[in-house]
Ligand code: WT7
């Protein structure tokens, strides 16, 4: 990135100190950084002691076959026991594990005792169906409690689960079932989305392959389903089981789950996570980054369980910590645009974890909507999934957090398993848009093309310099691809694929994928920077920027903008605004006003499609979009 552009972005100089009361009682203090730096493995060893081990480990880390790590070698534990049974044994069985809210308004309250019974019954059912340790189970479900129960039942018996997001198509589901050679698929007749039942079972019917012996179906919507010999109703098989099940310990490196990264190119990669190190880091980070007080907090992660955020921070982290969580089935605007805020008011949610794309959508809907609800229970706000632009950060802090509470911007990936870079709410003086520092026990740096750390005030490639407990162990069935994809750019360094910069204080600002950096007239400009500048204009609700091929400048910046408020917007004014913020070199050549942006189901903008539009080409494959109708409204607005 050009030094000029960089120093302009770093003009963002608002600072938010931690609230005094939170800081005084914070789970983690400043001293944690130094403690962990002095003895990293000792630090992680102490964090592993949050869990109940059946057999203690003899070695914290075996890195002799790098990059294939073994953590807590020799140790044995059961994840379901740690997430459920031990809380009941400690006398907390009456605590709510999940306040579940169905989209149509039906609710269920599930205590730790009830969760334990359900998980035991499901574990007995899986065993009856012939599923044993090491088998793979595909889970294709809506956001209902049985989804968490199914994951925990697999973990309990040592079957490796592969959760496939319920919005994925037949071919995506089939390729994942095939790659993992799943023996069982757990699904539902359907789930509720946008006010209507949305079927899942027909997709499974078309996606099952030879290895699948049974399909276990939860009845959620009651819609009609086709039925074959291999299909079984969950209520027929699970409900009649005993609620007693003795959890056997599994090796620390036993495969817990495979999760396929949606990757924009190539065959999806089955990221493998294992048992002891994974649970250690998700439990620690969930406790540290959200300052979790399990007795009093009500925590809500809005992510779908089909993504890694749902695995680590809706299921495993919160349950390992004995937290009370909200789980919501549906969309934020059903039946009205205040649904999320209504849920926060209803359950007195204290910690909210969501994504910048959702925050910007709520910004677009207007300040009046959250203002109607009592959000005063909130005390920590989290963000994940993409860089959070300063305007969205400040809106989140002000309009949702009442200007009183910290925002933690957490950087991590499917491959890292758990949070890696994030503020700590009782320690960090937050900067809007910055993920700040690696968490205690994590080592990261920003390097140039030759792997030299860049000085403060410069940008480069984000790398992780030491192994961490929840790191991916391999790509399922393809260890060579694991080495090649993540570990071969520079020896000994994990390259995350992201760009980042260090500011003058050495704090980290994430810039998104490096393939999203545009070379304009010899200057590196990141799409994130230009998007941030645009969203800094009062009339811009959301912006997506791409580099379109240009015979003169190499890349020319094209910006797609969603407008906020009433009346026409002067495109020239927006271009000038970017020029003033980042320097003339970053002025978009084209600014296109659109009603919506093409996004994947996980909320990532599909820049390839925007590039097609900007370069005046036929629009390519749009099947990965969350909403196919978006393309029509964009084309109509642009008259193409
Ligand atoms: C990519 C990983 C981590 C769970 C959700 C996404 C981007 C994620 C941030 C953040 C800037 C972020 C990165 C990363 N990303 N969080 N706080 N700031 N960028 O998981 O689908 O594996 O995507 O999401 O580009 O590499 P994922």
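Computed values, structure above
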quantity: Test: residue 423 is within 21 Å of residue 324 (Cβ to Cβ) and either modelled with pLDDT of 95 or more or under 21 Å from the mean Cα position of the chain (by Cα) (or both); calculated: no
quantity: Pair list, Cβ < 9 Å and 6+ apart or interchain, from the stretch 409-421 residues that are in contact (Cβ under 8 Å) with a residue 60 or more places away in the chain and within 15 Å of residue 270 (Cβ to Cβ) to residues that are within 8 Å of the ligand (Cβ to nearest atom) and part of a loop (DSSP other than H, G, I, E, B); calculated: 414/262; 414/307
quantity: Enumeration of residues in the stretch 347-380 that are in a strand (DSSP E or B), within 13 Å of the ligand (Cβ to nearest atom) and without any contact (Cβ under 8 Å) to a residue 60 or more places away in the chain; calculated: 354
quantity: Wholly within the stretch 68-175, strands (runs of 3 or more DSSP E) carrying at least 2 residues that are in contact with a strand residue (DSSP E or B) (Cβ under 9 Å, 6 or more places away or on another chain) and closer than 25 Å to residue 601 by Cα; calculated: 96-101, 136-140, 160-163
quantity: Residue match in the stretch 237-246 (condition: under 23 Å from residue 67 (Cα atoms) and in contact (Cβ under 8 Å) with a residue 24 or more places away in the chain); calculated: no
quantity: Subset tally (residues that are under 15 Å from residue 101 (Cα atoms), within 16 Å of the ligand (Cβ to nearest atom), in contact with a strand residue (DSSP E or B) (Cβ under 7 Å, 6 or more places away or on another chain) and in a loop (DSSP other than H, G, I, E, B)) for the stretch 300-346; calculated: 2
quantity: Of all residues in the stretch 383-404 being away from the ligand (no atom under 12 Å from the Cβ) and within 14 Å of residue 357 (Cβ to Cβ), the one that is modelled with the lowest pLDDT; calculated: 391
quantity: Members of the stretch 21-52 found to be without any contact (Cβ under 8 Å) to a residue 40 or more places away in the chain and under 16 Å from residue 283 (Cα atoms), listed by number; calculated: 45, 46, 49, 52
quantity: Residues of the stretch 612-626 satisfying the condition of being within 23 Å of residue 169 (Cβ to Cβ) and surrounded by 14 or more Cβ atoms within 10 Å (Cβ to Cβ); calculated: 612, 619, 622, 624, 625, 626
quantity: Members of the stretch 1-27 found to be modelled with pLDDT of 95 or more and assigned to a loop (DSSP other than H, G, I, E, B), listed by number; calculated: 17, 18, 19, 25, 26, 27
quantity: Scope the stretch 434-446; condition in a loop (DSSP other than H, G, I, E, B) and more than 9 Å from the ligand (Cβ to nearest atom); matching residues; calculated: 434, 437, 439, 440, 441, 442, 443
quantity: Filter result for residue 462 (without any contact (Cβ under 8 Å) to a residue 60 or more places away in the chain, buried (at least 23 other Cβ atoms within 10 Å of the Cβ) and either away from the ligand (no atom under 16 Å from the Cβ) or not in a helix (DSSP H, G or I) (or both)); calculated: yes
quantity: Of residues in the stretch 549-568 being touching a helix residue (DSSP H, G or I) at 6+ places or on another chain (Cβ under 7 Å) and modelled with pLDDT of 90 or more, the one surrounded by the fewest Cβ atoms within 10 Å (Cβ to Cβ); calculated: 562
quantity: Residues that are part of a strand (DSSP E or B) and within 16 Å of the ligand (Cβ to nearest atom), drawn from the stretch 553-611; calculated: 599, 600, 605
quantity: Leading residue by the ranking (nearest to residue 471 (Cα to Cα)) among those in the stretch 408-428 that are away from the ligand (no atom under 11 Å from the Cβ) and in contact with a helix residue (DSSP H, G or I) (Cβ under 9 Å, 6 or more places away or on another chain); calculated: 424
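Residue by residue, here is whether (1) at pLDDT below 95; (2) under 17 Å from the mean Cα position of the chain (by Cα); (3) closer than 18 Å to residue 413 by Cα; (4) not in a strand (DSSP E or B) holds:
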{"site": "256", "(1), (2), (3), (4)": "no, no, yes, no"}
{"site": "259", "(1), (2), (3), (4)": "no, yes, yes, no"}
{"site": "263", "(1), (2), (3), (4)": "yes, yes, yes, yes"}
{"site": "270", "(1), (2), (3), (4)": "no, yes, yes, no"}
{"site": "273", "(1), (2), (3), (4)": "no, yes, yes, no"}
{"site": "279", "(1), (2), (3), (4)": "no, yes, yes, yes"}
{"site": "283", "(1), (2), (3), (4)": "no, yes, yes, yes"}
{"site": "286", "(1), (2), (3), (4)": "no, yes, yes, yes"}
{"site": "291", "(1), (2), (3), (4)": "no, no, no, yes"}
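The values are calculated or read from the model by the stated rules, or taken from the named source; none is laboratory data. Predicted model, so just to flag it, every value in this text is computed and none were measured. For neighbour counting, all protein chains shown are included, and Cβ atoms are generated from backbone atoms with ideal geometry for every residue, glycine included.
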